[in-house]
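The values are calculated or read from the model by the stated rules, or taken from the named source; none is laboratory data. Source: prediction; values computed, not measured. Please note: Cβ atoms are built from the backbone with ideal geometry, for glycine as well, and neighbour counts cover all protein chains shown. These accessible areas exclude ligands, DNA and RNA; they are computed on the full protein's heavy atoms, side chains included. Shrake-Rupley method; radii C 1.70, N 1.55, O 1.52, S 1.80 Å.
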Amino acid sequence: MLAHFQRTGRFPWLGLLWLVLTLSSLGRGEAQPPNPAGGQPNAQPPAGQPASNAAPPAEEEPAEDPSATDDFNDLPLLETLKKPTFEELMNGPAVDWLVFAREHVLRVEPVVPRPRTVEQLTEQFRKAAPRPGQAESEASKKKRLAIRQLPVTLLEGEDREYLLDIKHIKSIVYHEDMVLEEIDNLLKGGELRKAYELLAALEERDSEWPGIGPRRDQILFVDAQLKLDRSQPEHALALAESLHSKNATFNGLPEIGRAHV
């Protein structure tokens, strides 16, 4: 049974949309468990960390695909969205993209846990399942089903906090992965200073985010190449040595060494 949903004037379409998505308002006490249903679609995410495609427990019945309804027409398609610019990533709020089965996207504040959000919650859901032949109380079942409810916060509106069943999520494009993608673009364009700034901001946010290490190495390598192009071989060699100490097998290091000789 769904909790009461209150529409906001800012998002007149969200009421029906979230009703279809089996969202429950967080501000009305303990969240109600979703209607047992499964059927998370099998698909590889276009960017970011992939959502889990694990099948739901046997007692759950397939649910109607909510992204097939007209309510999703108000959400932008993934192919129409532009990734945030350098300025937006440096100065704007962090935003995650939740991608649904038919590539519709809902932009929300960063979700938790992260990364591998759906995978983590799915694993917790599996661990909470009763052993074969073991009876499960109604209270335990409600608590277990509630694990699949991901808290999400909309970017605008008065009522912004909801619970979304992870079975509806095809993939998540994380803010951090969009930063890494922009770093790659900046390095391709030779904009080393901006790449350094973005990497520093990302490391301050989460120094353990997957993919930071390879970008740090790539920045050192590109910097060394630029120093060689500017006839600064000593500086290039110092950067190459720093990179070698971190990653001795980095592709391209021998070329820098030969150029210095």
- Local net charge near Gln124, Cβ-Cβ under 13 Å (Lys/Arg +1, Asp/Glu -1): +4
- Query: Remind me, relative contact order of region 103-261 in percent, using alpha carbon pairs under 8 angstrom and six or more residues apart?
  - Reply: 14 percent
- Calculate one ³J(HN,Hα) per residue across region 165-180 by plugging θ = phi - 60° into the Karplus curve 6.51 cos²θ - 1.76 cosθ + 1.60, and present them in order as whole Hz with x for glycine and proline. 5, 5, 5, 8, 8, 7, 7, 10, 9, 7, 3, 4, 6, 5, 5, 4
- How long is region 155-261 along each principal axis, judged by its Cα atoms, biggest number first, in Å? 63, 25, 21
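With a 1.4 Å probe and every protein chain kept in, tell me what percent of the accessible surface of region 90-156 is carbon plus sulfur.
Numbers: 1790 of 3640 Å².
Reported share for carbon and sulfur atoms: 49 percent.
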- Per residue value of the accessible surface for region 66-187 (all protein chains in place, 1.4 Å probe), Å²: 48 Å²
- Pop a pseudo-label 7 angstrom from the Cα along the beta-carbon direction at both Ala94 and Asn73 and give the gap in nm to one decimal. 3.6 nm
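Rounded to the nearest 0.05, what FRET efficiency do Tyr196 and Arg230 give with R0 = 22 Å and r taken as the Cβ-Cβ distance? Could you check? Intermediate results must be reported in sequence, preceding the final value.
Details: r = 17 Å, r/R0 = 0.75.
According to the calculation, E is roughly 0.85.
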- Residue-count net charge about Ser207 - beta-carbon cut-off 13 Å; Lys, Arg +1, Asp, Glu -1: -2
- Among Leu199, Gly189, Met178, whose Cα lies farthest out toward the positive end of the dipole of region 174-224, if unit charges sit on the beta carbon of Lys, Arg (+1) and Asp, Glu (-1)? Gly189
- Amide H to amide H, which residues 5 or more places from Asp165 or on other chains are under 5 Å from it, using H placed in the peptide plane? Leu150
